[in-house]
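Enquirer: I have a structure here, written as C-alpha cells, and I will follow up with some questions on it.
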Amino acid sequence: MQRKKSVGMAEYAVNNDPEEVLCILGLGSCIGLCLYDELRGIGGMVHILLPEQVSGQSNPFKFADTAVPALLRELEKLGVRRKNLLAKISGGAKMFAGSDTLFDIGQRNAEAVKRALKELEIPLRGEDVGGNRGRSIFFYVENGKLEIKTLGQDVKVI
C-alpha cells in the first residue's frame with residue numbers, strides 16, 4: 001500500500017521504500033527536483049524556493065545552487081552513485097504578471113536547477129516547467145515516475 005510523504009518548502013526527502021510516494025502540493029514558482037537511481041531504486045525530492053543562496057541563510061535546501069548538491073549528498077549516504085542518477089523537475093511557473101525577468105522567479109529557479117544539474121553531470125530526463133498555473137507533483141520511489149497535476153489540465157507523467 002503506497003504512502004504519501006509531503007515535502008514542504010525548503011525541505012527534502014530521500015527514500016528507498018518502494019511504497020513511498022514523495023509529493024509537493026501547490027508548486028508555483030518553486031521547483032520540485034527529483035533525483036532517482038534506477039539501479040538501486042532510491043529516490044529523493046527537494047522543494048526549492050529561490051535560484052541562489054542569500055547571505056546569512058543556512059538552509060541549503062531553499063536555494064537551487066545549494067539544494068542540488070545537498071540532495072545528492074543525502075542520496076549518497078544511502079549508497080547512490082552520481083553516475084546512476086537521473087533528474088526530473090517541475091514547477092517554475094510565472095505567478096505574477098509583468099514582463100520583467102527579475103520578477104520571473106519561476107524561470108530563474110528552473111534555469112538555476114538545470115545549471116546545477118549540468119555542473120554535477122546529472123542528466124535531466126524530464127521536465128514540466130513554466131506556464132502560469134500551480135502544480136502538485138507525486139514522485140514514485142518504486143519506479144522513478146513523476147506525476148504532475150496542473151490546475152485545469154490533464155495529469156502528465158514523466
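All of the numbers you see were taken from the coordinates with simple rules; none came from a lab. Computed from a predicted structure; not experimentally measured. Ideal geometry is used to build each Cβ from the backbone, glycine not excepted, and the neighbour counts take in all protein chains shown.
Enquirer: Considering each residue of the stretch 13-51, count those that are buried (at least 16 other Cβ atoms within 10 Å of the Cβ), small (Gly, Ala, Ser) and touching an Asp or Glu at 6+ places or on another chain (Cβ under 9 Å), and give that number.
Expert: Of the residues in the stretch 13-51, 4 are buried (at least 16 other Cβ atoms within 10 Å of the Cβ), small (Gly, Ala, Ser) and touching an Asp or Glu at 6+ places or on another chain (Cβ under 9 Å).
Enquirer: Could you list, in sequence order, all residues of the stretch 111-157 that are in contact with a Pro (Cβ under 9 Å, 6 or more places away or on another chain) and either aliphatic (A, V, I, L, M) or at positive phi (or both)?
Expert: 112, 113, 116, 117, 120, 141
Condition check ((1) crowded, with 21+ Cβ neighbours inside 10 Å; (2) closer than 19 Å to residue 37 by Cα; (3) of a type in the set (A, V, I, L, M)) across all residues:
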{"residue": "104", "(1), (2), (3)": "no, no, no"}
{"residue": "107", "(1), (2), (3)": "no, no, no"}
{"residue": "116", "(1), (2), (3)": "yes, yes, yes"}
{"residue": "126", "(1), (2), (3)": "no, yes, no"}
{"residue": "147", "(1), (2), (3)": "no, yes, no"}
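Enquirer: Given the options 130, 134, 79, name the one that is buried (at least 17 other Cβ atoms within 10 Å of the Cβ), of a type in the set (Gly, Ala, Ser) and more than 13 Å from the chain's Cα centre (by Cα).
Expert: On the way: 130 fails: buried (at least 17 other Cβ atoms within 10 Å of the Cβ); 79 fails: buried (at least 17 other Cβ atoms within 10 Å of the Cβ).
Result: 134 is the single residue among 130, 134, 79 that is buried (at least 17 other Cβ atoms within 10 Å of the Cβ), of a type in the set (Gly, Ala, Ser) and more than 13 Å from the chain's Cα centre (by Cα).
Enquirer: Condition first: surrounded by fewer than 17 Cβ atoms within 10 Å (Cβ to Cβ) and within 14 Å of residue 139 (Cβ to Cβ). Can you find one or more residues in the stretch 52-74 that meet it?
Expert: No.
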